[in-house]
Amino acid sequence: MDDRFFRNAMGKFATGITVVSTEVKGEAHGMTANAFVSVSLNPKLILVSIDKRAKMLGLIQESKKFAVSFLAGNQQAESMRFAGQLKGDTPYSFEQFNELPVIQDALANITCTLYNEVEAGDHVLFIGEVTDLKVSEGDPLLYYQGKYRELTAIEPTEP
């Protein structure tokens, strides 16, 4: 199968959108990612998948810690910014949480120390041990078939 067919098939899986962030030498960095997984309850572990060509890869390897922010439905601009889809030199004002940069007003902010990294094809899987988290109410920003989507509740039907 060709790469485009595989990519289109993977786009059939709806995901939330995160911004993975870290700080190196006093400078905050962020990257949009939808490859996020909760891994373990004990210890509390999460996983993000980062392309080997991404600048974020070396930054996480250097800092040994990272944060993940779950974007809210009204944060499409943040997703686009950290995906490199918005041009401009305006610095982003991260909020600090547990000594890491995070997206303000996200549905959740999770801070981690690097627990393990696993090479997987053209990506590296970073497993983080959760050091702190905070949660807010709201609906998520979703991604499906290459487009942003909104969450809509489905009313239960009677049998």
- Query: Which residues, taken from region 120-152, are farther than 21 Å from ALA67 by Cβ and among the small types (Gly, Ala, Ser)?
  - Reply: ALA120, GLY121, GLY146
- Message: Can you tell me which of (1) closer than 23 Å to LYS44 by Cβ; (2) modelled with pLDDT under 95 is the one GLY88 doesn't meet?
- Response: (1)
- Item | Filter pass, VAL37 being touching a residue at least 40 places away in the same chain (Cβ under 8 Å), part of a strand (DSSP E or B) and among the β-branched types (Val, Ile, Thr) | no
- Message: Quick test for you: out of ALA106, ALA72, ALA33, ALA67, pick the one residue that is touching a Cys at 6+ places or on another chain (Cβ under 8 Å) and within 26 Å of GLY146 (Cα to Cα).
- Response: ALA67
- Across region 105-135, the tally of residues that are of a type in the set (Gly, Ala, Ser) and surrounded by 12 or more Cβ atoms within 10 Å (Cβ to Cβ) stands at 3
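Find the residue count for region 40-52, including only residues that are more than 14 Å from the chain's Cα centre (by Cα), in contact (Cβ under 8 Å) with a residue 60 or more places away in the chain and more than 15 Å from THR113 (Cα to Cα).
From region 40-52, those more than 14 Å from the chain's Cα centre (by Cα) are 40-45, 52; that's our starting set.
Subsequent filtering for residues that are in contact (Cβ under 8 Å) with a residue 60 or more places away in the chain retains 43-45, 52.
Cutting the leftovers down to more than 15 Å from THR113 (Cα to Cα) gives us 52.
Within region 40-52, residues that are more than 14 Å from the chain's Cα centre (by Cα), in contact (Cβ under 8 Å) with a residue 60 or more places away in the chain and more than 15 Å from THR113 (Cα to Cα) number 1.
State whether the residues of region 57-73 include one that is of a type outside the set (Lys, Arg), under 29 Å from GLY138 (Cβ atoms), without any contact (Cβ under 8 Å) to a residue 40 or more places away in the chain and surrounded by fewer than 17 Cβ atoms within 10 Å (Cβ to Cβ). Outline the logic, then answer.
Going residue by residue through region 57-73, those that are of a type outside the set (Lys, Arg) are 57-63, 66-73.
After this cut, where a residue has to be under 29 Å from GLY138 (Cβ atoms) as well, the list is 59-60, 63, 66-73.
Checking the rest, the ones that are also without any contact (Cβ under 8 Å) to a residue 40 or more places away in the chain come to 59.
Adding the requirement that they be surrounded by fewer than 17 Cβ atoms within 10 Å (Cβ to Cβ) leaves none.
The answer is no; no qualifying residue exists.
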- Query: Identify, please: which residue in region 79-98 is among the small types (Gly, Ala, Ser) and within 13 Å of the chain's Cα centre (by Cα) and is, among those, surrounded by the fewest Cβ atoms within 10 Å (Cβ to Cβ)?
  - Reply: ALA83
- Query: Condition test on SER93, is it without any contact (Cβ under 8 Å) to a residue 24 or more places away in the chain and hydroxyl-bearing (Ser, Thr, Tyr)?
  - Reply: yes
- Filtered residues of region 126-142 (kept if in contact with a helix residue (DSSP H, G or I) (Cβ under 9 Å, 6 or more places away or on another chain) and of a type in the set (A, V, I, L, M)): LEU141
- Item | Every residue from region 16-27 that is in a strand (DSSP E or B), surrounded by fewer than 18 Cβ atoms within 10 Å (Cβ to Cβ) and small (Gly, Ala, Ser) | GLY16
- Task: Being assigned to a loop (DSSP other than H, G, I, E, B) and among the polar types (S, T, N, Q) is the filter here, so list the residues in region 40-93 that pass it.
- Result: ASN42, ASN74, GLN75, GLN85, THR90, SER93
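The values are calculated or read from the model by the stated rules, or taken from the named source; none is laboratory data. No experiment lies behind these values; they were computed from the predicted model shown. Heads up, the Cβs are rebuilt from the backbone with ideal geometry, glycines too, and the neighbour counts pull from every protein chain shown.
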